[in-house]
Amino acid sequence: MTDTALQAPARPVAFRLRFGTGWQRPLGHGLMILLSLLSVFPIYWMILTSLRPENEILSTRIWPDAATLDNYAYALSAIPMLRMLVNTFVVSAVVTAIQILTGILAGYGFSRWRFRGASLLMGAVALTWLVPLQVVMIPNYLLVARLGMIDTLGALILPHTASAFAILLLVQAMRSFPSEVYEAARMDGANHAHILWHIVVPNLRGTIASLAILVFISTWNEYFWPLLLTRSAQNSVVQIGLQMFITAEGTQWGPLMAASTLASLPILAIYLVLQRQVIASFMKSGLR
Amino acid sequence: MKPIVVSAALAGLTLGAAQAQTMPAEITEPVTITWYNYNLASAGNGADATRHLIDLFEAAHPNIHVEGVPVPPQNITTRVQADLVAGQQVDLVQVTFNALGFAAEALGAHALEDIVPAAELAANFEGMVQNGLDLGRIDGRTYALAYTFSTPVLYYNADIFRQVGLDPENPPQTWAQIAEAGRVIRDHSDHIPLASGMFGPSAGDWLMQGVLRSNNGGVINADRTAMTFADPASLEAVQMLRDLAQEGILVNLDVTSQLESMAAGNAAMYLQTSAVQGYLIRGAEGNYDLRATTMPGFGDLRPRPNNSGSGLAIFSQDPARQRAAWELMKFVTSNEGYTIITRDIGYLPLRMAVVESPEYLAGWVSEHPLLQPNLQQLSYLEPWTPMPGPNYVQIATTMMDAIEMAVFGDNDDVAGILTAAQTQTQGLLP
Amino acid sequence: MSLASVAPRHGPNRWSRLNRLVRPYLYILPAIATFVIWIYEPLARAFVLSFQQWNLMPTAPRRWVGLENYENILALPRFWQALENTGLYLLGLLPMAVLLPLAIAIFTQDLSGRTRNLYRALIFVPMIVPPVVAAAVWRWMLDPHNGIVNGAIGALGGDPVRFLSDPHLALWTITFITGWKLMGFSTLVLSAANASIDGSLIEAARLDGASTWEIVRDIRLPLLSPAILLLVLMVILLGAQWSFSYIHVLTEGGPLGSTTNIYYLLWQFGFGSLSVGWSSASAVILFVGFSLIAALLFWLKAKLSFHDD
């Protein structure tokens, strides 16, 4: 680790030496700061609005005049917000874990061996992207009904036990994994399970962590499938809760923004935790 | 199809059909019914009032348990359809009026005349506004009782009116007066002269039906066999809207932008359902003077608004559950029920006693002047005609796309656009 | 990847042969089973339903209508407009969802750990905002009357811009919002790929006197190309679906259908109303149409990488 720490600042020096004037760097930083502001402003606005009193909601002033927690109190009492957050967290965490597991297995299968029908099956995986969710929803609903799983969290998880994105990303990462490492492990007599879990997976943890973040978020933000399954607010997820503040008779912006802020915090936390894995993996590859 | 589901559902259906006439006089055994309800799918007054209604009902009928199923309005038909196919128990449903035809013809909503003893039905209809009852009827049979419904009103910002020299005490009553006022507002302020909820997928065709009908036109003929929105009277009304748009008076905004522009005080006039009243009042409070008047007409013709919103329909197959659903329906459309709906959610009552009797809301109504145009229109309200057949959604969407193009598009050939769309939608009729 | 030919150590007995034969399939079985049960079986059924008119109700008649559902969809006045719009969305999304994130990933890679992570975390923030909220906030910011963007334009002496209600602008506004939301996603994918590039390759090149640009061009870009291709593929195939939420919340396809893309159109006419004939035919059209595009892309990719060799 100390090596890396020493190594990291060495690069900019080399960089600056090469571009004597270094004018590109300030330009790059300028653009990055602009993009960062652009990225963060709406979330600032979300939090700001969530703190505004009701008669100020449609105000477009950038600074808060008076802050209140009324919207949070209302959001928490109008819908079973905490219960929904827990439900969503459970569903997202389980889906993420399962998708990564099936993705790692499939990724290994596809990248490790050439077998009859491999490209056909690979194509079938990629093509799942192109099937509009809405057309499979009703048949899936009927299946869930037959399994007696309507109004359960299990029904939110079951159809998501694999994802094309996870598989494709992991296949690609595993293909660029140096084959000498496989070979050496085979020579040492390691079996495939050992190679996969003790050599491949630890080396791909940066990719896996990024993937986990993305899968978690997309499950967290899912709306249409939970909408069809919802029979009670208690067994529902937070996106359904957010939509409860949006009606044809007008949107309750204050509570919506308060609920959205609450719904965004767990994702931010997950990102920060998993981002460490990405960084750690980079440090490791820097050492190699 | 999954064979098991099919045969089970089929068995249930035939059984139900055979016993349709034998609704018991009262509920003696505990029974649970489902109520597909869209007010429950939102947070706030609507959901609270609905839960309150259910609690009151359950207290009065200890043998009946009501399971509220929350579904947003735009999904309710889809959801009922899916649940019927999946063999879930569907009893009472809050049906949006555009889907009433589909609910009756395809999904098997019962005509009340078929399941409720005639004398009981007549007794319950006592005191209901006659043309309010018509809202839920198709070919003379009552498939739904109007439940949460509202009428189109013209909201206006009296402060803007005063600012540009218009008289807020005499708001426009005809489209010609709207055009006149609109020109003044356009020329003397930066505000949007006229926003409207006529266009956009979430509006469907409900407001347009009333506008065309007010010029003695219409979107479809009386027996729902021919589209008529390109006929001369309808065409004239659309041409009038185009003129307003061309003059920069009528502005094309999506549904949320309109609502927020009016709520924030940026629009001078807004033609929209009275259901948004609560939202506008909250926006106007402390900011500007919000007023409302009836929907505008054409010249001397009396305006012919139609309702938006929902009615309640019964889908139960089992006689005991039919009785339970009917009891719930009776309760929520009683004087007590409408009192809660009108006061706490902001819809209209189907029983005039609710607004006339001091026992209910007479006092409350006098404190809420914005409700007046709404109540006034109740006496000449006409039904929102649902498009027939399985393509009812596609017909309305294609028609409204064409009318939007005719009003706001670059092409001046209004007749050509409407005629082409009329021919096309005609082909989608059953 | 020719490791499959490594000779088994215990001699060629039946079990290990069979084992070797089925092993790859066992690894991909869980994923494939999921897809067959939850996606392909319903899709196959939709294919059959697309030639019928039926509302799924067991009591209702099930009528074969031949190609009528397809004809209805292709006859929609908005169909070709929506197709063209879909192309425009993709054109606008590619720079925002691929090029810009690529530049960000490469630029930030050379920064010190703390600055790099700060930038990347900030760029990632739009991802965590629920789509409906992102749409709402942008609507406020772009409001012609009191949005801050138009405030700034007004201060500079310009006329208010109707970002969402001008038929010529609305599509680009929605493209921008979709791209803004996607930036963090692409940056994360590319950064992960970038981070897994063997650092020693770069060090070696640097020692050989390669400039930063040369390192990017000769080492980073070729090694990132699988990730870039994956993103391009995703944008082209999924862009129409990604824009959906914003179209739905911000314009509902209007004004005058100018923001309707093919996915939104088919949702309006098919999936949104559970008309099984319409929605099944819509699904088949989308699936076949985008599959052809995907096939074309893979063919191009194969051709391009052949030239690389």
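Bear in mind these aren't lab numbers, they're just calculated from the coordinates by the rules spelled out. All values derive from a computational prediction rather than experimental measurement. So basically every Cβ, Gly included, is an ideal-geometry build from the backbone, and we count neighbours across all protein chains shown.
Remark: the stretch B:139-145, residue by residue, has Karplus-estimated 3J(HN,Hα) of 6, x, 10, 8, 8, 8, 9 Hz, where x stands for each Gly or Pro and the curve is 6.51 cos²θ - 1.76 cosθ + 1.60 at θ = phi - 60°. If contacts are Cα pairs under 8 angstrom and at least 6 residues apart, what is the relative contact order of the stretch A:72-287 in percent? 37 percent. For the stretch B:314-382, applying the loop criterion from DSSP together with a ceiling of 13 other beta carbons within 10 Å to the chymotrypsin sites (Phe, Trp or Tyr not before Pro) yields B:380. Taking amide H positions as modeled 1.01 Å from N, with prolines and chain starts lacking one, the residues under 5 Å from residue B:218 and 5 or more places away or on another chain are B:234. For the stretch B:154-236, GluC sites (Glu not before Pro) meeting the loop criterion (DSSP other than H, G, I, E, B) and having at most 11 other Cβ atoms within 10 Å: B:169.
For the stretch C:195-261 versus the stretch C:118-163, the inter-centroid distance based on Cα atoms is 23 Å. The length gained on full extension between residue A:190 and residue A:83, counted as 0.36 nm times the residue separation minus their Cα-Cα distance, comes to 33.9 nm. Panel values: the protein assembly as shown, Kirkwood radius from alpha carbon pairs, Stokes-Einstein at 20 °C and 1.002 mPa s, translational diffusion coefficient 69 µm²/s. Looking at the stretch B:78-151, the GluC sites (Glu not before Pro) that sit in a DSSP loop and have at most 10 other Cβ atoms within 10 Å of their own Cβ are B:126. 3J(HN,Hα) along the stretch A:36-50: 5, 4, 4, 6, 8, 3, x, 6, 4, 5, 4, 5, 4, 5, 5 Hz, from the Karplus curve 6.51 cos²θ - 1.76 cosθ + 1.60 with θ = phi - 60°, whole Hz, x for Gly and Pro. Evaluating 6.51 cos²θ - 1.76 cosθ + 1.60 at θ = phi - 60° for every residue in the stretch A:150-166, the Karplus couplings come out as 5, 6, 10, 5, x, 5, 6, 8, 3, x, 10, 7, 8, 9, 4, 4, 4 Hz, glycine and proline recorded as x. From most to least packed by mean Cβ count within 10 Å, the peptides B:408-415, A:151-158 give A:151-158, B:408-415. The alpha carbon centroids of the stretch B:53-87 and the stretch A:162-183 are separated by 49 Å. Could you tell me which residue out of B:286, B:387, B:188 lies farthest along the dipole of chain B toward its positive end? Charges go on the beta carbon: Lys and Arg +1, Asp and Glu -1, centred on the Cα centre. Of the candidates, B:387 comes out farthest on the positive side.
Put simply, the amide H of residue B:385, placed in the peptide plane, has no neighbours under 5 Å, leaving out anything fewer than 5 places away on its chain. Gyration tensor analysis over the Cα atoms of the stretch B:304-430 returns equivalent ellipsoid semi-axes of 38, 24, 9 Å (largest first, whole Å).
Counted over the stretch A:72-287 with a bin width of 5 Å, the fraction of Cα pairs per bin, in whole percents, is 1, 6, 12, 15, 16, 14, 12, 9, 6, 4, 2, 1, 0, 0. Ranked by the mean number of other Cβ atoms within 10 Å of their residues, highest first, the peptides C:71-83, B:88-100, B:22-34 fall in the order B:88-100, C:71-83, B:22-34.
Based on Cα contacts under 8 Å between residues 6+ apart, the stretch A:60-199 shows a relative contact order of 37 percent.
Taking amide H as placed 1.01 Å from N in the peptide plane, the amide H of residue B:297 sits under 5 Å from that of B:174, B:175, each at least 5 places away or on another chain.
Other residues lying with their Cβ under 15 Å from the Cβ of residue A:249 contribute a combined charge of -2, Lys and Arg counting +1, Asp and Glu -1. Look at where the Cα atoms of the stretch B:299-325 and of the stretch A:60-132 average out, and the two centres are 40 Å apart. Normalising the average separation of contacting C-alpha pairs (under 8 angstrom, six or more residues apart) by the number of residues puts the relative contact order of chain C at 27 percent. Tell me whether chain C comes out rounded, prolate or oblate; compute the Cα gyration tensor, take square roots of the eigenvalues as a ≥ b ≥ c, and use a/c under 1.5 as the rounded threshold. Because a/c hits 1.5 or more and a/b fails to exceed b/c, chain C counts as oblate.
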